[in-house]
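As structure tokens, the structure follows; a few thoughts come after it.
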Protein chains: 2
Amino acid sequence: MTRNQLVTAIRSKGSYLCVGLDPDPEKLPRHLRDQFGGTVADLDRANLADLDRATLADLVFEFNRQIIDATQEHCVAYKINTAFYEALGAKGWEAMERTVNYIPATHFRIADAKRGDIGNTSSQYARAFFEVMPFDAITVAPYMGWDSVRPFLEYKDKWTIVLGLTSNPGAADFEGQRMERMERKEIHLYEQVLATAAAWGTPDNLMFVIGATQADSFERVRRLTPDHFYLVPGIGAQGGSLEEISKKAMNKDVGLLVNASRAVIYASDGEDFAGAAGKAAAAYRSEMRAFLE
Amino acid sequence: MTRNQLVTAIRSKGSYLCVGLDPDPEKLPRHLRDQFGGTVADLDRANLADLDRATLADLVFEFNRQIIDATQEHCVAYKINTAFYEALGAKGWEAMERTVNYIPATHFRIADAKRGDIGNTSSQYARAFFEVMPFDAITVAPYMGWDSVRPFLEYKDKWTIVLGLTSNPGAADFEGQRMERMERKEIHLYEQVLATAAAWGTPDNLMFVIGATQADSFERVRRLTPDHFYLVPGIGAQGGSLEEISKKAMNKDVGLLVNASRAVIYASDGEDFAGAAGKAAAAYRSEMRAFLE
């Protein structure tokens with residue numbers, strides 16, 4: 001997907017919502033688990049992990065399918081968190097493939113995979129997510145530097161989303177540490193990452209992860225990367241504010257994809273789970289509409 | 001595997017070699033490809049990637065099986081590079097599962113996965129590699145800080161291998177950058193990572209990746225983490241020296257697992273490929289024996 005297509009989708013829909021598909025089998029609705037055979041129905045949550053993984057993977061895909069059907073009207077992107085699929089083994093990987101293939105191509109499909117390795121290895125990851133699967137974007141950890149990121153940038157109309165300032169408490173350990181002062185300016189590691197990585201690509205093929213919980217830094221971040229899109233996790237369960245990120249970090253092309261995972265997909269664990277997810281997504285969308293005006 | 005068991009294996013075998021299983025279908029021996037049906041035999045290398053991925057995955061497992069049979073006498077560890085399996089889709093993931101289950105439990109089994117995410121997500125990765133698959137260790141990127149690493153450290157007798165100073169050119173971008181001086185001491189990001197991450201675990205459940213190409217820094221690294229094991233990539237194809245890392249960074253418990261991937265597994269692409277891999281591994285082992293004395 002090109003930047004133009006993404007911006008057009010956001011403007012026409014009045015939404016910059018990304019729905020995160022992080023399906024934890026232990027949190028899936030009871031009635032759905034019942035549909036997948038007696039074994040699932042008879043077990044309590046604590047034992048669910050021991051169930052046959054093929055059944056769990058089918059259950060996860062069915063959950064995703066209903067969530068996607070119910071939310072696609074209100075969002076412009078989906079983010080698949082690879083960890084939740086890998087935890088189900090090869091069958092889980094298959095459920096990830098089925099899920100990304102089910103997401104309509106009108107939507108921006110993000111693999112939240114946090115990959116990054118030496119060049120010949122990153123090339124293999126790029127193949128996995130951009131060729132074998134039709135993802136539009138992948139999240140990448142910057143620690144190993146330019147040659148660990150470049151293979152992803154070589155794909156036309158695909159996006160690399162580099163971790164900048166993440167939403168978790170551990171962000172203070174390194175991302176928030178101060179680097180040697182340059183020209184009397186104080187600079188933190190995440191700022192050096194933004195400035196350096198921005199030069200590896202362009203605002204048309206590179207984004208940054210900026211956590212919604214990092215409100216104090218939004219203005220510094222925007223100064224360094226005025227034109228880039230940010231993928232913003234951390235609203236909802238993690239406590240970040242949609243209003244704050246929207247007011248402080250929106251740019252002329254919107255420049256934001258704000259992700260909600262648990263707050264949407266687990267809005268209800270009853271039979272109405274998909275409808276509740278749709279409503280939660282619609283509520284984010286109407287908030288976003290107001291900020292877009 | 002406990003540290004004691006690992007050190008005992010190294011001492012009794014006279015080897016701290018780790019063999020890296022990075023099977024690139026385009027580099028697999030022709031005769032082996034021929035055995036996997038006409039489609040493989042008829043295609044040239046450029047088209048190999050388009051073959052049925054289930055066949056490729058079977059081919060990859062068969063290649064690994066023969067490499068493991070031929071090298072296990074000479075090494076104490078195997079390192080599975082997840083990217084090469086993911087590039088073959090769900091069937092590739094299955095080949096990874098079959099491979100790690102084939103490696104004898106006498107050997108230290110490393111998932112070279114470079115994972116790391118917020119806590120609830122890292123927990124899922126830990127489940128994938130430590131519960132669903134029987135890996136002894138996983139490589140983890142430190143960028144996101146303590147809570148992205150802690151879930152891996154909660155497993156008894158499992159190891160977390162944190163990226164310290166990697167072997168690739170991009171290591172200079174961030175790892176090698178200078179942080180704010182503390183107590184007049186110059187300190188680089190990788191040194192802060194070593195010092196900080198060392199406190200998250202112990203030398204009994206945490207190691208660091210230190211690239212063999214970083215010889216100038218081995219002494220600084222050892223001063224900061226005198227008791228830790230290092231997983232050392234970068235000899236062979238990447239140009240690092242086994243002699244240098246062995247002389248400068250060995251500690252009283254050896255403290256090194258030196259990885260060779262391409263130099264062993266692609267020692268020959270003929271019918272003798274497994275024998276050639278065994279010979280390459282044996283050659284490393286005899287060099288290592290000398291350094292151990």
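The values are calculated or read from the model by the stated rules, or taken from the named source; none is laboratory data. For clarity, every value in this text was computed on a predicted model and none was experimentally measured. Note that we place each Cβ from the backbone using ideal geometry, even for glycine, and neighbour counts take in every protein chain shown. Note: accessible area is taken over every heavy atom of the protein model, side chains too, but ligands, DNA and RNA are not part of it. Shrake-Rupley method; radii C 1.70, N 1.55, O 1.52, S 1.80 Å.
Scanning segment A:211-258 for residues that are open to solvent by less than 10 Å² (accessible area, probe 1.4 Å) and in a strand (DSSP E or B) gives A:TYR230, A:LEU231, A:VAL232, A:VAL254, A:LEU256, A:LEU257, A:VAL258. Across segment B:113-164, what is the total count of residues that are touching a helix residue (DSSP H, G or I) at 6+ places or on another chain (Cβ under 6 Å), among the aliphatic types (A, V, I, L, M) and closer than 16 Å to A:LEU163 by Cα? Going through segment B:113-164 one residue at a time, the tally reaches 2. Taking segment B:103-132 as the range and being under 17 Å from the mean Cα position of the chain (by Cα), open to solvent by 10 Å² or more (accessible area, probe 1.4 Å) and either modelled with pLDDT under 95 or aromatic (Phe, Trp, Tyr) (or both) as the test, only B:PHE130 passes. Taken as a whole, the structure places B:GLU94 among residues that are outside any loop (DSSP other than H, G, I, E, B), among the acidic types (Asp, Glu) and at the interface with chain A (Cβ under 7 Å from one of its Cβ atoms).
Taken over segment A:211-228, the criterion of being aliphatic (A, V, I, L, M) and either more than 14 Å from chain B (Cβ to nearest Cβ) or without any contact (Cβ under 8 Å) to a residue 12 or more places away in the chain (or both) is satisfied by A:ALA215, A:VAL221, A:LEU224.
Residue check, B:ALA171 against (1) within 30 Å of A:ARG181 (Cβ to Cβ); (2) touching a Pro at 6+ places or on another chain (Cβ under 9 Å), all met but one. Which one? (2) is the only condition that B:ALA171 fails.
Restricting attention to segment B:195-210 and to residues that are in contact (Cβ under 8 Å) with a residue 12 or more places away in the chain and of a type in the set (A, V, I, L, M), the residue that is surrounded by the most Cβ atoms within 10 Å (Cβ to Cβ) turns out to be B:ILE210. Among the residues examined, A:THR106 qualifies as touching a residue at least 40 places away in the same chain (Cβ under 8 Å) and over 23 Å from B:LEU163 (Cα atoms). When segment A:84-102 is filtered for residues that are among the hydroxyl-bearing types (Ser, Thr, Tyr) and open to solvent by 10 Å² or more (accessible area, probe 1.4 Å), only A:TYR102 remains.
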